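Have a look at the structure below, then the notes.
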Amino acid sequence: MTSLRRQIGDFTRLRYRRRKALSGWMTFCLTVSACAAAGGLLGVFGYVVWKAVPHFSVSFFTGLPQPVGEPGGGMLNALLGSLFMVALGTGIGVPWGMAAGVYLSEYGRGRLAVWVRFAADMLSSVPSIVTGLFIYVLIVRPMHRFSGFAGALALSVILIPIVARNTEELLKLVPQHIREAGLALGIPRWRVILSIVLRGSRGGLTTGIILGVARISGETAPLLFTALNNRLLSLKWDQPMASLPVQIYTYAISPFEDWNVQAWVGAFVLVLFVFLLNTVTRWVMK
Amino acid sequence: MTETLLSVQNLNAWFGMHQALKNIQIEFSPQTVTALIGPSGCGKSTFVRCLNRLHEEVPGAYATGKVILQGKNIYESSVDPVLIRRKVGMVFQKPNPFPSLSVFDNVVAGLKLAGIRRKSILMEVAERSLKQAALWEEVKNKLQQPGTSLSGGQQQRLCIARALAVEPPILLMDEPTSALDPISTAKIEELLAELKKTMTVIMVTHNMQQAARISDKTAFFLLGELVEFGQTSTLFTVPKEKKTEQYITGKFG
């Protein structure tokens, strides 16, 4: 009896030591993975800063593209164009996406909801260049011209599924008994959803929207076939429009040293914008 | 027998294929407290949820039969459940104040979200309801704090105040004290005695002593059927049915 107990004791001690060792090793692996993930971000950010900061100047924000060979100039046209298209794309995509998300979470039952959810998932994994082609066929060809409007629409098509799925997931986190409490007070269902359910999740909803906006701010491919580009400052909705990502792309692949440098500065501004968008919202939401 | 405020006739309720209530007949008089007792899963909660048409909010759930409130069947197809729920308030088992709304906004939610915006009216209603729910003294200086920042017992009284704010003639309570400590429970029981002067309370409880303490009438449910309904004093001392006696003496359930 005692010898059996001792054997069991030895066995559990051995197991314990093994468990401790394995736990230590696993924690180490997780830490390394986390550092590698964060390191990637730091690496990209650091490299962009290193390349861009020496050439950073006010004229980048105020000047327009200069002809090849003339130094200086800036990307005011691209900055404003991006701002215009991202704002319009957000204006179209956010209400649309949120409405779809509310449908999926609050009203969607049965086959239609399953289908809509599937479509939203598919849409968010469609390569963005295909989205650009889609808008090209739908808007650009009938209008016979590239336009800022088409660009904004392409961006909104990318934004809609992101916002829709995010809204759905967040609203599903609101417990059912909160909705019932609202209904039991004689508040109509649409009011319960708007003033209690959506309001209760506004923090998460805003964060989701910001992440979506940050994502479309950097999209290049869907703008190539839709907004094209514009060397001039133009904010006409039905004319080709410059954007930061496309301008960066154009300048980066060009053989001119001066343009390459400007592409780096553009990339820096874009990364900075996304970074600020993230941190400022986090700060405001608190 | 006095006049009838709420009369239930042949009420059946289903969750999909499962029948949760079978042919319930019962009547409630004004200004009384009725306790609903019975083992878990016997249909008490489903029953109260049929009285404000909340039952049908569960996917696949439906009810048949008549529930006649002030002379009108609330299950008629022309009736809007939203209007019924303004007359039949409800307090849930778990305190469920609206997240991200202040104490004040929680209390007046029923009015504000129905379109009443006059600050003076809302303030008056909030104060009256919170006093009725015996919560005013504790929260009068933190009306703008989130409702979820209160303690569990306070949250439940907040939910009662919220239900009272729309002045329903009937108040349903689904085990309102089962998640609370004895002191909060005592406060809510005191409250009931006061509320009964102006309204009819129908309360589900698992606590037999509570039913005996606070109710005028008691209904015993078992397996979706109403086994016995009568004066609380009679039902607890000389029950007519064998099953009632077995349940209240703790032989099963």
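The values are calculated or read from the model by the stated rules, or taken from the named source; none is laboratory data. The shown structure was predicted, so the numbers you read here are calculated from the model rather than taken from an experiment. Glycine gets a Cβ as well: all are built from the backbone with ideal geometry, and neighbour counts include every protein chain shown.
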Within the stretch B:228-247, the count of residues that are touching a Phe, Trp or Tyr at 6+ places or on another chain (Cβ under 9 Å) and either in contact (Cβ under 8 Å) with a residue 60 or more places away in the chain or surrounded by fewer than 16 Cβ atoms within 10 Å (Cβ to Cβ) (or both) comes to 4
Counting only residues that are buried (at least 16 other Cβ atoms within 10 Å of the Cβ) and in a loop (DSSP other than H, G, I, E, B), the stretch A:212-262 contains a total of 15
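Within the stretch A:75-105, work out how many residues are over 17 Å from A:LEU170 (Cβ atoms) and assigned to a helix (DSSP H, G or I). Full working, then the answer.
Kept after step one, since they are over 17 Å from A:LEU170 (Cβ atoms), are these residues of the stretch A:75-105: A:75-92.
Right, trim to assigned to a helix (DSSP H, G or I) and you get A:76-92.
Residues meeting the conditions: 17.
Quick one: which helices (runs of 4 or more DSSP H) sit completely within the stretch B:59-134 and have at least 3 residues that are more than 12 Å from every other protein chain (Cβ to nearest Cβ) and within 19 Å of B:PRO169 (Cβ to Cβ)?
Numbers: elements: B:81-87, B:103-107, B:109-112, B:119-132.
Correct list: B:119-132.
Do we find that A:GLY69 is at positive phi, surrounded by 17 or more Cβ atoms within 10 Å (Cβ to Cβ) and outside any helix (DSSP H, G or I) in this structure? Step through it out loud before you land on a result.
Numbers: at positive phi: yes; surrounded by 17 or more Cβ atoms within 10 Å (Cβ to Cβ): no; outside any helix (DSSP H, G or I): yes.
Judged against the criteria, A:GLY69 is not a match.
Tally time: how many residues in the stretch B:9-58 are away from chain A (no Cβ under 14 Å) and in a loop (DSSP other than H, G, I, E, B)? Write out each step before concluding.
Going residue by residue through the stretch B:9-58, those that are away from chain A (no Cβ under 14 Å) are B:9-15, B:17-44, B:47.
Cutting the leftovers down to in a loop (DSSP other than H, G, I, E, B) gives us B:17, B:29-32, B:38-43.
Within the stretch B:9-58, residues that are away from chain A (no Cβ under 14 Å) and in a loop (DSSP other than H, G, I, E, B) number 11.
Residue-wise test of (1) within 22 Å of A:GLN176 (Cβ to Cβ); (2) in contact with a helix residue (DSSP H, G or I) (Cβ under 8 Å, 6 or more places away or on another chain); (3) of a type in the set (Val, Ile, Thr).
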| residue | (1), (2), (3) |
| --- | --- |
| B:GLU27 | no, no, no |
| B:THR34 | no, no, yes |
| B:VAL48 | yes, no, yes |
| B:PRO59 | yes, no, no |
| B:PRO81 | yes, yes, no |
| B:PRO95 | yes, yes, no |
| B:PHE98 | yes, yes, no |
| B:VAL103 | no, yes, yes |
Restricted to the stretch A:183-193 and to residues being facing another protein chain (nearest Cβ under 7 Å) and not hydrophobic (A, V, I, L, M, F, W, C), the residue surrounded by the fewest Cβ atoms within 10 Å (Cβ to Cβ) is A:PRO188
Taking first residues from the stretch B:126-137 that are under 18 Å from B:ALA193 (Cα atoms) and second residues anywhere that are in a helix (DSSP H, G or I) and among the aromatic types (Phe, Trp, Tyr), the pairs with Cβ under 7 Å that are 6 or more apart or on different chains are B:LEU130/B:TRP136
Selection over the stretch A:71-119 where residues are of a type in the set (Val, Ile, Thr) and at pLDDT below 95 yields a count of 2
Among the residues of the stretch A:151-163, are any more than 13 Å from chain B (Cβ to nearest Cβ), among the β-branched types (Val, Ile, Thr), touching a residue at least 40 places away in the same chain (Cβ under 8 Å) and within 30 Å of B:VAL166 (Cβ to Cβ)? no
Restricting the stretch A:194-209 to residues that are within 11 Å of chain B (Cβ to nearest Cβ) and among the polar types (S, T, N, Q), the one surrounded by the most Cβ atoms within 10 Å (Cβ to Cβ) turns out to be A:SER201
